[in-house]
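Below is one structure; the comments refer to it alone.
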Ligand code: UD1
């Protein structure tokens, strides 16, 4: 198992391109199941979660191959409508295959998904929505059996919470359903719009993606296309945190600043200077930032829960107090215990954490316990005095492509051993 060794307190400098969005690539790969012919998906990051999707596609009988950051997927020879427990357990996003498989085969069999432990992560919204489209769903010995013998039929789905995955599952399924589907209280994340852009190019008719109400007109069939995945806004926020904790100036290429509209003002209020021109962000930070005041995570366009941990790492050495309120996931503060080992001053209870900035963190051995928490430990290590040893890179590799190489190219000392 790999570890990361970080020598902290080095200034970052230079420019890097931000990788393609994991959270766009995953649903787009699942959506290829409802298309015929060749799909060419560009800007796909090399990540273990993407590899799991490729393995799922191959298990289903599809052809899927990687050529650098381009994936070629053809689902014409898909024969199976079952995803085995071993693959389902590897990541939560595997559940987004359900809608497409069901729409195409009129039946599907999956077990409950795995993924990072962020508290209970039910899939009731996914299943209830598919029932609204005519699916009959039963559960047996941990497996979910879905069928719609006459095919799915469009309907109105009102989500109790704007779940990203549930919105994606319904959108994909509704593309091949008979008639019109309306999703009320849909998730509005940029990755939802990217999925809709991909599906619309394939011949789907999806209106309102990125807004609270999405309307999908079902089609007989869709065809494969070429598509380029949007840049990863969470990786961008992580690199911004890395530059801010080291008081550095860096350039980030392939930035969509509108996707960072809740994140950029937080850095600016902390004293950072940010300008974005033609997709390149110039980011510069003072030696020590001000406290970030209040960070409350919310569904998009609110502050992203996935950026909470990297920003908390930064806040530990700010001049002042930051209050975090995590409203999306119940158990998303596992990184706090590790920050405390590095000398941070944090009090947490339930969904609230209060961080009082200290002048500096010091490097020590810490343990990564989930994807974004791992990235936060890297940020903390970059800002700490001495050496930080982060045990296990397996979570990091689910969402960050070669982060050690990216940061080293920015003059950091990060080694994978
Ligand atoms: C996606 C992102 C993840 C991000 C999250 C919130 C992907 C691959 N992952 O995850 O990085 O942290 O959005 O922005 O895109 N919920 C239910 N029942 C359901 C579904 C969800 O109660 O059926 C709850 C979850 O437990 C959680 C909240 O809704 O508390 C948000 O979940 P959701 O938006 O579905 O997140 P994911 O799609 O899993």
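Here are the numbers for the structure shown:
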quantity: Test: residue in the range 378-390 that is part of a strand (DSSP E or B), farther than 20 Å from residue 246 by Cβ and touching a strand residue (DSSP E or B) at 6+ places or on another chain (Cβ under 8 Å); calculated: no
quantity: Condition check for residue 250: under 21 Å from residue 407 (Cβ atoms), more than 16 Å from the ligand (Cβ to nearest atom), assigned to a loop (DSSP other than H, G, I, E, B) and in contact (Cβ under 8 Å) with a residue 60 or more places away in the chain; calculated: no
quantity: Scope the range 140-176; condition part of a strand (DSSP E or B) and either within 26 Å of the chain's Cα centre (by Cα) or within 16 Å of the ligand (Cβ to nearest atom) (or both); matching residues; calculated: 143, 144, 146, 157, 158
quantity: Some residue of the range 91-101 being in contact with a helix residue (DSSP H, G or I) (Cβ under 7 Å, 6 or more places away or on another chain), away from the ligand (no atom under 12 Å from the Cβ), outside any strand (DSSP E or B) and without any contact (Cβ under 8 Å) to a residue 40 or more places away in the chain; calculated: no
quantity: Which listed residue is part of a strand (DSSP E or B), modelled with pLDDT of 95 or more and buried (at least 24 other Cβ atoms within 10 Å of the Cβ), from 206, 192, 216; calculated: 216
quantity: Of all residues in the range 391-400 being touching a strand residue (DSSP E or B) at 6+ places or on another chain (Cβ under 9 Å) and not in a helix (DSSP H, G or I), the one that is surrounded by the most Cβ atoms within 10 Å (Cβ to Cβ); calculated: 393
quantity: Some residue of the range 376-397 being within 16 Å of the ligand (Cβ to nearest atom), in contact with a helix residue (DSSP H, G or I) (Cβ under 8 Å, 6 or more places away or on another chain) and closer than 25 Å to residue 296 by Cβ; calculated: yes
quantity: Wholly enclosed strands (runs of 3 or more DSSP E) of the range 266-343 bearing at least 3 residues more than 23 Å from the chain's Cα centre (by Cα); calculated: 273-277, 321-325
quantity: Residue match in the range 73-83 (condition: farther than 16 Å from residue 165 by Cα and under 22 Å from the mean Cα position of the chain (by Cα)); calculated: yes
quantity: Residue satisfying condition, being in contact with a helix residue (DSSP H, G or I) (Cβ under 7 Å, 6 or more places away or on another chain), surrounded by fewer than 23 Cβ atoms within 10 Å (Cβ to Cβ) and part of a strand (DSSP E or B), within set 16, 52, 40; calculated: 16
quantity: Output for the range 322-358, where each listed residue is in contact (Cβ under 8 Å) with a residue 40 or more places away in the chain, surrounded by fewer than 18 Cβ atoms within 10 Å (Cβ to Cβ) and either closer than 13 Å to residue 312 by Cα or in contact with a strand residue (DSSP E or B) (Cβ under 9 Å, 6 or more places away or on another chain) (or both); calculated: 358
quantity: Whichever residue in the range 119-139 is within 13 Å of the ligand (Cβ to nearest atom) and outside any helix (DSSP H, G or I) and, among such residues, is modelled with the highest pLDDT; calculated: 137
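The values are calculated or read from the model by the stated rules, or taken from the named source; none is laboratory data. Because the structure is predicted, anything quoted here is derived from the model rather than measured. Here the Cβ is made from the backbone with ideal geometry for all residues, glycine too, and neighbour counts use every protein chain on show.
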